[in-house]
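Novice: Just dropping this structure here.
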Amino acid sequence: MTTIEGESATDLRVVGKSLPKVDAVGKLIGLTAYADDIELPNTLFCKLLRSHHPHARIISIDTSPALAMEGVVAVITQDDLPVKYGIMPTSEDEHGLEGEKVRFVGDPVAAVAAVDEETALAACRAIKVEYQPLEAIESIEHALLPPSDEPIQDYAGPGNIHRAGALEFGEVDEGFAKSNYIREDVFFYEGNTHLPMEQHSATATYVGDQLTLWSSTQNPHYVHRAMAKVFEMPMSHVRVIAAPHGGGFGGKADPFSHEVAVCKLAMITGRPVKCTLTREEVFYTHRGRHPVLMWVRTGVSEDGKIQAMHFRTALDGGAYGSYGPASMLYTGALQPTTYNIPAYRFEGVRVFTNKAPCGPKRGHGTPQPRFALELHLDKIAEDIGLDPVELRRRNFVKPYTRTINHLRITSCGLEEATEQVIEASGFLRRKKSLGHGMGFAISSYMCGAGLPIYWNKLPHSECIVQVNRGGVSLYCGATDIGQGSDTVLATVAAEELGLWPSDIRIFSGDTGLAPVDLGSYSSRVTFMAGNAALQAAHEMREILVNAVAEKMECSPSEVTVGEGKIGEMTFEEAANLAQEKLGVLSTRGSYAPPKNIGGRFKASGVGPSPAYSYSAAVVDLDADPYSGEIQLNKVWIAHDIGRPINSLTVRGQVEGGVYMGLGEALMEAQLYRHGLHKVPSMLDYKSLTFMDMPEVETYLVETIDLEGPYGAKEVGQGPLLPVIPAVASAVHDALGVWVDEVPITPDKIMRALDARAKGREGRYGPKSFPAIPYPTIVKVPPFDASSSSF
Amino acid sequence: MLRLPRFSYLRPGSVTEAVEILAEYGSRARVVAGGTDLVPKMKRGQIEPEVVVGLSHLEELRRIEKANDGGFEIGACVTLAEVATNPALQSAYPGYAKAAALVSSPALRNSGTIGGNLCVDTRCNYYDESYEWRKALGFCMKKDGDICRVAPASATCRAIASSDTAPAAISMNATALLIGPDGQREVPVASLYQDNGKFYMTKSPEEILVSLHMPAPGSWKSSYVKVRSRGSIDFPLVGAAAAVQMDGPKIEACRVVITAVGPQPLDVSEAAAALIGREIDAAVLEEVAAEAAKPARPLDNADLSYVWRKRMTRRAIEQAIREAADVA
């Protein structure tokens, strides 16, 4: 459906080409063993007993009926897991199995290991749990009220407030005072989930004081750390292996109950223990998109230049912390990375509710404010009679600048990306007709978080390249979750060593085998692990070139590398030559982001990144003026990739992001009713089918970032972001009504049309923003340019 | 994964033998052909048969034959895909063939059968979830409970009739052949259903629906319009089947059957009387559709708001009549 044309224009040999993924064949022929395919001898099967109550105190748990059942080997509860954990050090609020209270329908309270799943399930049902129900909190507004009995969590607060922040950069009041036009809007973005094809699965063994966990995880590094903490074991006795992956999107980025449970049960029974979640359980495990209520106020000058912006958010976090403090700050951090905002105030809060915990999903905390911001700018443009593209252009950030919130911008292809989609789609020449519309929006995303999730000084990514027996092996903790990171690492090494990506053996995602990489989150792998691989491979290249130069009695600069040869020697000959002389050949590379990329204020850890990708999209659709039904016609998207390491996989990521964005825009919703998930099934939780997916025309903008490996930036998350506001904008273009709430479903459009027909504002969305006890605003002094590189 | 509970699978050698098995086990047994409805529901504990009686291997149930009246006899185990792609059926009963083509997804149409679709369980998003979910919510009267969760004041279950092919068959005056312990009987498809989401079929558990008789179409032209959230997979949010006989540009006779707006398909042909003897005209059609949609009672137990589904009922009826009459 998408145009697959035009590889990166470059003199590089393999970087930028459209080549198959290095792990494609195994997956194609069904030989790749995913987490659920792992079958060790004598394995026990684990099921989790989950809460039927949204919020309740646990009076008692009686596991004896389960233990008495034939085939049941062990049953554990919170008593077996006294140590709390959580992905962020400030929110370690999970036991894996809860013993004092349950906080959402689906919260695990016990785990059974049995000879088969059927027995384990029957045993779970035999466990007797006595509950004392508590009031269930189902909305942001409800969570802001003082709890009638007790808060959901016993930390943070007051009440059910988990985290709040308030920051001001520049002089916001002054900015509004000198604005010619000021507008306020309220938006709501409903929560949704990742919906990976593969359910979570984990298997653990415990042999001779060594704990090994195979799991469908994005972040073996953090899971390793969590297991060592929970079981009070030295890190050296824990090994976490990320199994080949059937999709993460942020949903497999936390340490999880089922992982903790299989480890503990393996330790108790001495046998391998496996747990594979059902689809329904995946909905409860969640950690997906936060529902966010947003208020934004912006002042512009006569010519549409932003003078000041005030952005407020309220996040429905669900029952646990997860990445919440970061998620909350991300709803405010990236607005200034696309538009030059000279004065910016952000206030955010995350509340606990009795729902499955929210966390990071593709775009983590930024699709919601991006939706709000882009629509808000559309409305301002309409109000002041300026073309929406022109309004944006007048405010675009420039390359190699510093944002008001101290973020360092390097390469920036916003202008080029905009130009591409505007031209290709004919957006400015579109004909106005009822029921047909086009929408335009832009966005940016990080190429990896500037700081790790817990404070430590280790490199963010490390890589070992080993040459042995004439072949190359590359070891890196990075985890290929289908995004193609193994392919990126192999391509980088192949480019340096004059080989093909398929010549490089990759050993990744294994904390017992490969050096540190923080994980597959925040779009960090190509940039960070790619740089580590580049460094290691380049050093190896020099070793081989020097060996060949010595043998040939020439200068190393005369030795060419490529086409499987080092100088006149084959790679294998050169490798053996060097190994004979030096012994086993091993080089290393490591990457940590520069220190000066963000500010030095409280909460400044969220937002900084060594580079930002940029995207622009135009969506063309038909919207039925009676029913509100939408037919997507086409999406044009341009993405500033820096430089593609593999053009084919980059385009795949762009299309995947567009697909996921369209689903969020039109139908995906993690809804609750009567205290529980309304439809935890793949039939009733709607996401786009093949039939609903329009043609996508993808353009790659190459800005060659000075710090990215070969100039590369991220693509895993950014391209989702502009799609959602572009859909909303296109609906407005088609029908003249605003749907200020995601997902934009036909019934909401119909309500907006009804409102207009009755003489009211043609709009559907939240009417007001609640009074929120945000903390006192911290005024952050301007960035100190003397510590900056530009 | 969600596992099937234990059950016995019986493979009768003939319909007669299948009927004997059902006579023995009664409501403890279920017949299965494609399994696209039964199997997931067994996994979720919504249907818990001791015995599952396979039918799809019985050749006598897999035939499409020309009937004596010029119509067609379609065996219950003919797949939806076969009906959807059969040129003779497409030409004689475009509405019915289209309805079959709009059921679920290609894979499920290759497996699912026309008998299964006529008998497909009613749906409700207070019911179509796992045992554990229903336990957390509180069970409903359709399974394990005693109250209708979507309409607590209702004495009967309000789960939604979800067969796409039933309204299309009814609009063509189709009949169904049932065989039970007391012999066989042929009944109008319309009379297979009743206004009760739990006991949604009138046939006894011992009876097997063995074939569908579609009468000769004569000059009847038909269509089916399905409203759903996505372009594939989904059950109907509203379905409207229309059949018309034309006298030149004028409508001579018109039948309209709607579905997914209550526990049974509803024949609302009477409301179409205003169209008879007239050319199709937007204003009259709108009036007729509004009148025909009146008995629709969508509730908050499916995707999208019930207000929207109610209004879409009118839209679907209008479109179905236009399509059947072939006027834009």
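Novice: Just a yes or no: is a residue in the range A:624-633 of a type outside the set (Val, Ile, Thr) and more than 14 Å from chain B (Cβ to nearest Cβ)?
Specialist: no
Novice: With respect to A:Ala372, is the statement that it is in contact (Cβ under 8 Å) with a residue 12 or more places away in the chain, of a type in the set (Gly, Ala, Ser) and surrounded by fewer than 24 Cβ atoms within 10 Å (Cβ to Cβ) true?
Specialist: no
Novice: Kindly list, by first and then second residue, each pair from a residue in the range A:325-346 that is over 19 Å from A:Ala156 (Cβ atoms) and outside any helix (DSSP H, G or I) to a residue that is among the hydroxyl-bearing types (Ser, Thr, Tyr) and modelled with pLDDT of 95 or more, limited to pairs with Cβ atoms under 6 Å and residues at least 6 apart or on different chains.
Specialist: These pairs meet every condition: A:Leu334/A:Thr366; A:Thr338/A:Ser444.
Novice: Six or more apart or on different chains, Cβ atoms under 9 Å: show the pairs whose first residue is in the range A:446-458 and hydroxyl-bearing (Ser, Thr, Tyr) and whose second is crowded, with 22+ Cβ neighbours inside 10 Å and not in a loop (DSSP other than H, G, I, E, B).
Specialist: Sorted first by the residue in the range A:446-458, then by its partner, the pairs are A:Tyr454/A:Tyr222.
Novice: Kindly check whether there is at least one residue in the range A:432-440 that is outside the structural domain of A:Arg505 (by TED's automatic domain parsing), out of contact with any helix residue (DSSP H, G or I) (no Cβ under 6 Å at 6 or more places or on another chain) and not in a strand (DSSP E or B).
Specialist: First, pick out the residues of the range A:432-440 that are outside the structural domain of A:Arg505 (by TED's automatic domain parsing): A:432-440.
Checking the rest, the ones that are also out of contact with any helix residue (DSSP H, G or I) (no Cβ under 6 Å at 6 or more places or on another chain) come to A:432-434.
Within this subset, residues satisfying the condition of being not in a strand (DSSP E or B) are A:432, A:434.
Yes: one or more hits.
Novice: Search the range A:75-107 for residues being small (Gly, Ala, Ser) and buried (at least 23 other Cβ atoms within 10 Å of the Cβ), and hand back the single one that is farthest from the other protein chains (Cβ to nearest Cβ). Before the answer, list the steps.
Specialist: Taking the range A:75-107 as the starting set, the residues that turn out to be small (Gly, Ala, Ser) are A:86, A:91, A:96, A:99, A:106.
Checking which are buried (at least 23 other Cβ atoms within 10 Å of the Cβ) leaves us with A:91, A:96, A:106.
Working: A:Ser91: 26, A:Gly96: 19, A:Gly106: 8 Å.
This residue is A:Ser91.
Novice: Let me ask you something else. Does B:Glu206 satisfy being touching a Pro at 6+ places or on another chain (Cβ under 6 Å) and surrounded by fewer than 19 Cβ atoms within 10 Å (Cβ to Cβ)? Spell out the reasoning first.
Specialist: On the way: touching a Pro at 6+ places or on another chain (Cβ under 6 Å): yes; surrounded by fewer than 19 Cβ atoms within 10 Å (Cβ to Cβ): no.
In short, no.
Novice: Can you find even one residue in the range B:62-75 that is of a type outside the set (Phe, Trp, Tyr), in the same structural domain as B:Leu209 (by TED's automatic domain parsing), within 17 Å of the chain's Cα centre (by Cα) and buried (at least 18 other Cβ atoms within 10 Å of the Cβ)?
Specialist: So far as the range B:62-75 goes, yes, one or more of its residues are of a type outside the set (Phe, Trp, Tyr), in the same structural domain as B:Leu209 (by TED's automatic domain parsing), within 17 Å of the chain's Cα centre (by Cα) and buried (at least 18 other Cβ atoms within 10 Å of the Cβ).
Novice: Same structure, new question: Inspect the range A:130-145 for any residue being in a strand (DSSP E or B) and within 14 Å of another protein chain (Cβ to nearest Cβ) and give the result as yes or no.
Specialist: yes
Novice: Further question: Being more than 9 Å from chain B (Cβ to nearest Cβ), among the charged types (D, E, K, R) and either surrounded by 17 or more Cβ atoms within 10 Å (Cβ to Cβ) or not in a strand (DSSP E or B) (or both) is the filter here; which residues of the range A:672-708 pass it?
Specialist: A:Glu697, A:Glu702, A:Asp705, A:Glu707
Novice: Have a look at A:Gly318, A:Gly304, A:Gly299 and point out the one that is more than 29 Å from A:Ser91 (Cβ to Cβ) and either assigned by TED's automatic domain parsing to the domain that holds A:Leu67 or assigned to a loop (DSSP other than H, G, I, E, B) (or both). Steps first, answer last, please.
Specialist: Values: A:Gly318 fails: more than 29 Å from A:Ser91 (Cβ to Cβ); A:Gly299 fails: either assigned by TED's automatic domain parsing to the domain that holds A:Leu67 or assigned to a loop (DSSP other than H, G, I, E, B) (or both).
Going through A:Gly318, A:Gly304, A:Gly299 in turn, just one is more than 29 Å from A:Ser91 (Cβ to Cβ) and either assigned by TED's automatic domain parsing to the domain that holds A:Leu67 or assigned to a loop (DSSP other than H, G, I, E, B) (or both): A:Gly304.
Novice: Collect the residues in the range A:516-563 that are hydrophobic (A, V, I, L, M, F, W, C) and in a loop (DSSP other than H, G, I, E, B), keeping them in residue-number order.
Specialist: So the first thing to find is which residues in the range A:516-563 are hydrophobic (A, V, I, L, M, F, W, C), and the list is A:516, A:518, A:525, A:527-529, A:532-534, A:536-537, A:540, A:543-545, A:547-549, A:552, A:554, A:559, A:561.
Answer for the range A:516-563, where residues must be hydrophobic (A, V, I, L, M, F, W, C) and in a loop (DSSP other than H, G, I, E, B): A:Val516, A:Leu518, A:Cys554, A:Val559.
Novice: Right, next: Across the range B:176-197, which residue is nearest to B:Tyr224 (Cα to Cα) among those that are of a type in the set (S, T, N, Q) and touching a residue at least 40 places away in the same chain (Cβ under 8 Å)?
Specialist: Going through the qualifying residues, I end up with B:Gln194.
Novice: Which residue out of A:Thr285, A:Thr269, A:Thr278 is on the phi < 0 side of the Ramachandran plot, surrounded by fewer than 23 Cβ atoms within 10 Å (Cβ to Cβ), within 25 Å of the chain's Cα centre (by Cα) and not aromatic (Phe, Trp, Tyr)? Outline the logic, then answer.
Specialist: Numbers: A:Thr285 fails: surrounded by fewer than 23 Cβ atoms within 10 Å (Cβ to Cβ); A:Thr269 fails: within 25 Å of the chain's Cα centre (by Cα).
Testing whether each residue is on the phi < 0 side of the Ramachandran plot, surrounded by fewer than 23 Cβ atoms within 10 Å (Cβ to Cβ), within 25 Å of the chain's Cα centre (by Cα) and not aromatic (Phe, Trp, Tyr) leaves just A:Thr278.
Novice: Quick one: which residue in A:Leu683, A:Leu700 is out of contact with any Cys (no Cβ under 7 Å at 6 or more places or on another chain), assigned by TED's automatic domain parsing to the domain that holds A:Lys379 and modelled with pLDDT under 95?
Specialist: A:Leu683
Novice: Give the residues of the range A:521-541 that are touching a Lys or Arg at 6+ places or on another chain (Cβ under 9 Å) and buried (at least 24 other Cβ atoms within 10 Å of the Cβ), sorted by residue number.
Specialist: So in the range A:521-541, the residues touching a Lys or Arg at 6+ places or on another chain (Cβ under 9 Å) come out as A:523, A:526-527, A:532, A:535-536, A:539.
Scanning the range A:521-541 gives A:Ser523, A:Thr526, A:Phe527, A:Ala532, A:Ala536.
Novice: Test A:Arg651 against the stated conditions and say whether it is basic (Lys, Arg) and either surrounded by 24 or more Cβ atoms within 10 Å (Cβ to Cβ) or under 21 Å from the mean Cα position of the chain (by Cα) (or both).
Specialist: yes
Novice: Restricting attention to the range A:108-120, report how many residues are surrounded by 22 or more Cβ atoms within 10 Å (Cβ to Cβ) and within 11 Å of chain B (Cβ to nearest Cβ). Give the derivation first.
Specialist: Step one: of the range A:108-120, the residues surrounded by 22 or more Cβ atoms within 10 Å (Cβ to Cβ) are A:108-114, A:120.
Imposing the further condition that a residue be within 11 Å of chain B (Cβ to nearest Cβ) reduces the set to A:120.
Selection size over the range A:108-120: 1.
Novice: For the range B:273-280, state whether one or more residues are under 23 Å from B:Gly197 (Cβ atoms) and either outside the structural domain of B:Tyr193 (by TED's automatic domain parsing) or of a type in the set (Phe, Trp, Tyr) (or both).
Specialist: No, the range B:273-280 contains no residue that is under 23 Å from B:Gly197 (Cβ atoms) and either outside the structural domain of B:Tyr193 (by TED's automatic domain parsing) or of a type in the set (Phe, Trp, Tyr) (or both).
The values are calculated or read from the model by the stated rules, or taken from the named source; none is laboratory data. All values reported here derive from a predicted model rather than from experimental measurement. Every residue, glycine as well, gets a Cβ built from its backbone with ideal geometry; the counts of neighbours run over all protein chains shown.
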